[in-house]
Amino acid sequence: MGEAHQGHMAVGLDVTPITIRVRLSRSALLIPIGKTTMWGSVVKSATYAMLLLLSSLAYAEPAHHCSSAATAQAKKLLAFHIGSDNRIEIDKSVKELAPIHNPANQKQLFDVLEVWGYLYKGQYRMRFIYARLPGECILMGQEILEYAGL
C-alpha cells in the first residue's frame, strides 16, 4: 500500500476495495468501483441512526392548550365556507406554527394553529390565530385555503 493510503488507515477506517468482474466473450475485465467500510462500522452507524430516531420519537411536545378549540372552530369554518354537509371531516392533529406579531402592538405575539379539513376529494387548510393568553383561547383571526392545483 502506498503512503497516501496508509494515512487514511491511521484514522481508524478499515477499507476493502470492491471489484466487479465483467465477462466479455472469452475474456474477463476487472473494474474497481471504489472502497467500502468494514461491516462493523456500518452496523455501528446504523445503530446510532436508530437510537437518534427513537429518541426523537420518544420526546413529544405537549399539545397547545387551544388545540381542541381550533378543531371545533375548523368544523364551523369549513361548513361556513362550503355549506353544511354531513361528509365534512376534520383532521384530529393540530400543528402549531411559528407565532406572528400583533399588528397593533409588535411586542405581543399570536399563536397560529393549523388544521386540515376534507370534503369528498377537497382538502382545506385552515389556520387559526389565537391571542397568547395563559389559560384562555381568544380567537383573533382565521383563514381557509382550498389545497388544489389549478
Of all residues in the stretch 92-150, how many are closer than 19 Å to A79 by Cα, hydroxyl-bearing (S, T, Y) and surrounded by 14 or more Cβ atoms within 10 Å (Cβ to Cβ)? 2
Restricting the first residue to the stretch 84-100 and requiring it to be of a type in the set (D, E), which pairs with a second residue that is surrounded by fewer than 14 Cβ atoms within 10 Å (Cβ to Cβ) meet a Cβ separation below 8 Å and a spacing of at least six or different chains? E96/E61
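Only the coordinates and a few stated rules stand behind these numbers; no lab work does. Owing to the predicted nature of the structure, the values given are computational and were not obtained by experimental measurement. No Cβ is skipped: glycine too gets one built from the backbone with ideal geometry, and neighbour counts run over all protein chains shown.
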